[in-house]
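**Q** Got a structure for you, questions after.
The values are calculated or read from the model by the stated rules, or taken from the named source; none is laboratory data. The structure presented is a predicted model; accordingly, all values stated were derived computationally and were not measured. Every residue, glycine as well, gets a Cβ built from its backbone with ideal geometry; the counts of neighbours run over all protein chains shown. Keep in mind that these areas ignore ligands, DNA and RNA; they rest on the heavy atoms of the full protein, side chains included. Shrake-Rupley method; radii C 1.70, N 1.55, O 1.52, S 1.80 Å.
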Amino acid sequence: MKHVLQKICSILLCAVMICSMLPFSAYASFEIPGSCQVQTDSGASRTVKTLDYGYGHNTYYSLRDIAMILGGTDKSFSLEVAKDTVSLNPGNSYVPVGGENAPWEDSENPDISLRRNKFHVNGQTVYYYTLIAQLPSGFYDCFMMAADLGMILNMNITAPSAGSLQIDTQNPFGISPASLEQSGYFYGVNSVLVGDATTGEIYYRYQSDTSYPIASTSKLMTYLLTMDAISAGQISLDEQVTISDSVQLLADSSDGVLPLEAGTQITVRELLLGMLLPSSNECALCLAELTAGSEEAFVQRMNQKALEIGLSQAVFFNSHGLPSYTEEPIPSKRQNRMSAEDMFRLTSYLLSVYPQITNTTSLKSATLESLDGIEVRNTNPLLYNLPEATGLKTGTTNRAGACLVTSLAADDGNMEHDLIVIVFGTEDSIERGRVSGLLARYALNTFYGGAEEAETGTSGQTPRPLPTHAETAIDWILRTAKKQEPAAGY
C-alpha cells in the first residue's frame with residue numbers, strides 16, 4: 001500500500017510540475033503586443049501597434065496604423081486585408097476601418113502564426129512573412145517588418161531611439177551591410193558575399209573565406225558537369241533516362257522530392273528542371289549516374305572540376321548535398337563544403353560558360369510531362385518579390401542551415417551583368433529570404449549607384465570598374481563587343 005501511495009504522489013507531483021511549467025513553454029508561441037511612436041519627415045507622429053514575434057524587438061508593425069500616418073504623403077497606400085491575403089496599392093488613399101493608431105486593449109492577447117502570406121502590390125503577386133490578426137472591429141490587420149515595408153515603398157526607415165521609428169519618404173530605401181555587421185546582424189549566419197560575377201568585383205563579404213556545409217547548393221556543380229557532358233555530345237537534353245533502383249530508393253526516402261520509380265523513363269531536360277526548381281535529390285543522383293556511370297565516379301569529377309576552376313576549399317561527397325555516411329563501424333557524417341568565395345567563383349564560371357541556366361532557375365514553376373504532368377515550383381523566395389532575380393539555388397540541412405545563392409540581372413547600358421548574393425547558414429528559410437532580400441537590394445543599389453552612394457542611400461549613375469582578373473576581363477570585352485554589334489539584317 002505504501003508503495004502504491006508513493007507512486008500516486010509521484011504522479012501528482014509530476015502533474016503539478018508540468019502544469020506550472022506550461023505558461024513558460026507556451027509563452028514563445030504567443031506574440032507580444034506593444035506600441036511604437038512613428039514619425040515622418042513631414043512632421044506627422046502617431047502611435048503604431050506592434051507585435052514582437054516570440055522574442056522582444058523581433059518587431060512587426062501594423063500596416064493600418066502606418067497607412068494612416070503616410071496619408072497625404074508621396075508614400076501613401078491603400079490597404080485591404082483578408083484572413084490570408086493583403087492588397088497594398090502605393091499612391092492610393094487609405095480608407096480607415098476604425099481602431100487605427102489606438103493602443104492594444106488589455107483584454108487583447110493575439111495568438112497568430114507567422115506565415116508567408118500572399119500580397120498583391122499594384123496587381124503583382126508577391127509573398128512576405130507577416131502576421132495577420134483580426135481586430136475587435138472584425139476587420140483584419142497585417143503586421144509587417146519595417147524593412148519589408150521600406151523596400152515595397154522604397155522609403156528610408158530608421159530607429160533614432162528605443163520605441164520609435166523615423167520614416168523618410170523623400171529618400172529611397174538604403175542598406176549598409178557594414179553597419180549591419182557592426183550591430184551583429186550577421187551573427188545568425190555562417191557567411192555572406194555580394195558581388196558582380198561579370199567583372200569579379202566583390203561588393204561585400206563576411207566570413208567568406210571559411211568553408212561551410214552548402215547543402216543543395218551543391219547541385220550547381222552537378223548542373224555544370226551535366227552541361228559539360230551535353231556540350232561534349234555524350235548525352236542530350238531530350239535523351240530518355242531509365243530510373244535506377246538507387247534513385248528510387250532515394251525518392252522513397254524522407255529526403256525524396258519526386259516520385260521516380262525504377263524502370264520508368266524521364267528526359268535529361270526534366271531531370272534538370274526537377275533538380276534546380278524543387279531541389280530534387282533523386283534527380284541529381286540520376287544525372288550523376290547517367291553522366292559518370294556511378295555517383296562515386298561523378299563525385300571524383302566534381303572534386304576534379306573544383307580544382308580546375310580554382311575552388312580552394314571545396315569538397316564533395318555526393319551529387320545533391322545531403323549528409324553522407326562512411327561505411328565504418330562508427331560512421332562519419334560528412335557534407336559537401338565550400339567557402340562563399342569558392343561559391344562565387346563557381347557561379348561566376350557557371351554563368352560565363354552556361355548562362356542559359358537562368359532560363360531554368362528564373363522559372364517559378366514547370367510541368368514534368370514524364371511524371372504525368374506533375375507541376376514543380378521553384379524554392380527560391382526572391383523570384384516572387386524581386387523582378388531582377390534570375391536564380392540560382394536554395395539548400396538546407398540541419399548542419400548547413402538554410403542557404404541561398406541568388407543571381408540578379410543588371411545592365412550598365414553597355415552590357416548585361418550577373419550580380420550574385422551568397423548567404424550560407426541562416427537559422428531557417430524565413431531568415432534566409434530576409435537576409436538575401438536585403439543584400440540583393442544592396443547589390444542593385446551598389447551596381448547602379450556605386451558603393452559610396454549605396455551606403456548613404458543616394459542615387460546616381462557611376463561607371464562600373466573594369467574586371468579585376470585577366471580571364472574575366474577577356475570575357476567582359478567579348479560580351480561588351482557582342483552586345484554592341486548591330487543585329488543581322490540591320
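**Q** So how do 259-270, 383-394 stack up, highest first, on mean other-Cβ count within 10 Å?
**A** The packing order, highest mean first, is 383-394, 259-270.
**Q** So how strong a dipole does the stretch 195-288 carry about its Cα centre when Lys and Arg Cβ are +1 and Asp and Glu Cβ are -1, to the nearest 20 debye?
**A** 160 debye
**Q** Tell me, what does the Kirkwood hydrodynamic radius of the stretch 266-332 come to in angstroms if you use every pair of distinct C-alpha atoms?
**A** 13.0 Å
**Q** Under a 5 Å amide H to amide H cut-off, with H placed in plane at 1.01 Å, what residues pair with G54 once short-range neighbours are removed?
**A** Excluding prolines and chain starts, which carry no amide H, the hits are I32.
**Q** Along the Cα→Cβ direction, 7 angstrom out, place labels at V315 and E416. What is the inter-label distance in nm?
**A** Spacing of the two 7 Å Cα→Cβ label points: 3.8 nm.
**Q** If you wrap a convex hull around the Cα atoms of the stretch 169-277, how much volume per residue is inside, in Å³?
**A** Cα convex hull per residue, to the nearest whole number: 211 Å³.
**Q** Over the stretch 362-426, give the accessible area per residue in Å² for a 1.4 Å probe, as an integer.
**A** 35 Å²
**Q** Same structure again: Could you tell me whether the stretch 208-351 comes out rounded, prolate or oblate from its Cα gyration tensor? Rule is a ≥ b ≥ c as square roots of the eigenvalues, rounded for a/c under 1.5, then prolate if a/b exceeds b/c, otherwise oblate.
**A** oblate
**Q** Still on this structure: About its Cα centre, what dipole magnitude does the stretch 297-361 give when the only charges are +1 on Lys and Arg Cβ and -1 on Asp and Glu Cβ, stated in debye to the nearest 20?
**A** Using Cβ point charges on Lys, Arg, Asp and Glu, the stretch 297-361 gives about 60 debye.
**Q** A follow-up question, please. Among Y140, Q166, P177, whose Cα lies farthest out toward the positive end of the dipole of the stretch 97-179, if unit charges sit on the beta carbon of Lys, Arg (+1) and Asp, Glu (-1)?
**A** P177
**Q** For the stretch 47-87, just say rounded, prolate or oblate: build the C-alpha gyration tensor, square-root its eigenvalues into a ≥ b ≥ c, call rounded for a/c under 1.5, and beyond that prolate if a/b exceeds b/c, oblate if not.
**A** oblate
**Q** Also: So, for the stretch 177-265, what is the accessible surface per residue at a probe of 1.4 Å, expressed in square angstrom?
**A** Counting only protein heavy atoms, the per-residue value for the stretch 177-265 is 42 Å².
**Q** If you roll a 1.4 Å probe over the stretch 25-160 with all protein chains in place, what percent of the accessible area is carbon or sulfur?
**A** Carbon-and-sulfur percentage of accessible area, whole number: 47.
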